[in-house]
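Notes follow the structure.
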Amino acid sequence: MDELLEAGESAVESLRRATDPERIARDGAPLESIVLLAPVPRPGKIVAIGRNYREHAEEEGVDPPPAPLIFSKWPSSVIGPDAEIRWDPAFATQVDYEAELAVVIGRRARRVEEDDALGYVLGYTCLNDVSARDLQFGDGQWARGKSLDTFCPMGPVLVTRDEIPDPQDLDIECRLDERQVQRANTAQMYFGVAAIVSYCSQAFSLEPGDVIATGTPGGVGIFRKPPLLLKDGDLVSVEIERIGRLVNRCRHEYAEVAV
């Protein structure tokens, strides 16, 4: 996968030429028999954008950001579809979901113009920006609370840019078990994908395989009355039009105590 990301557009074209529906039907394994990993197992960096939907800023009680609000998640937090979101309830007590469209960079981007920015995108996937709110708000900054191991599910697939000509016209939703808790369209972002890629590239280089999480709609658990937070056994899913459905089970994981 790293080689594919490094090769960018040329690799996508090679894959397109190699696609033979008859061969796939004859030799391919049923999808349900395959364990899928995250489309980008270890990104060089995960750039995340906060408060990028009006409803989310409103529920948090903050003003709209004047520019994309950037924070980071550590690459070690990445897991794939059907993997478990795990945390020690003695360490983090307010774990929340955030459905997001993730952008995967396909070639090095530095100081690119907004009009050209989508040309640096390889494709898109679903991402759940799982957040330990007690750590996030207690720290006064967001990196630790959003970067616990398993707190960045991605998948189930990477859809190349040519399959999604307009990333600002995709329905996005999150379900907790079967309850719909978030529902929006990417048209409701304050800053679209092209604007975000361009803005980030003015400050730092975006490299092939870097991931940008573009923000979450309103409806997160911590700002509900009463709060609706993840608990042991919950099934949380992120679904984005034209990409698919990312599903993960939540599990408590108690730290072992040395005797």
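The values are calculated or read from the model by the stated rules, or taken from the named source; none is laboratory data. Computed from a prediction, not measured in an experiment: that's the story for all the values here. Quick reminder, even Gly has a Cβ in these numbers, built from the backbone with ideal geometry, and neighbours come from all protein chains shown. Protein only, heavy atoms only, side chains kept; ligands, DNA and RNA dropped before computing areas. Shrake-Rupley method; radii C 1.70, N 1.55, O 1.52, S 1.80 Å.
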Practice item. Compute the length gained on full extension between Glu55 and Glu13: take 0.36 nm times their separation in residues and subtract their Cα-Cα distance, giving the result in nm to one decimal. Key: 11.2 nm
**Study point:** FRET efficiency, Asp177 to Ser76 (Cβ-Cβ, R0 35 Å, nearest 0.05)
**Key:** 0.80
**Study point:** Using θ = phi - 60° and Karplus 6.51 cos²θ - 1.76 cosθ + 1.60, couplings along the stretch 153-169 (whole Hz; Gly, Pro as x)
**Key:** x, 9, x, x, 9, 9, 9, 5, 4, 5, 7, 10, x, 10, x, 9, 8
Revision key, fill the gap. Counting only protein heavy atoms with a 1.4 Å probe and every protein chain in place, the carbon and sulfur fraction of the accessible surface of the stretch 148-213 in whole percent equals 46
**Study point:** Anisotropy class of the stretch 26-125 from Cα gyration tensor, a/c 1.5 cut
**Key:** oblate
Exercise for review: Find the accessible area per residue for the chain; the probe is 1.4 Å, ligands and nucleic acids are left out, and the unit is Å².
Suggested key: 48
Check your understanding: To the nearest 10 square angstrom, what accessible area does Phe191 show with a 1.4 Å probe?
Key -> 40
Revision key, fill the gap. Most fluctuating of Leu31, Leu69, Leu206 in the GNM of the chain (C-alpha, under 10 Å) is Leu31
Review point. Summing Lys, Arg as +1 and Asp, Glu as -1, what charge do residues with Cβ under 12 Å from the Cβ of Arg16 carry, Arg16 excluded?
Key: -4
Check your understanding: Can you give the helix-only mean residue ellipticity at 222 nm for the chain, where every DSSP H stretch with n ≥ 4 adds -39500 (n - 2.57) and the sum goes over all residues, rounded to the nearest 500 deg cm²/dmol?
Key -> -5000 deg cm²/dmol
Review point. If the cut-off is 12 Å between C-alpha atoms, which aspartates and glutamates fall inside it for Lys146, apart from same-chain ones fewer than 8 positions away?
Key: Asp96, Glu98, Asp129, Asp134
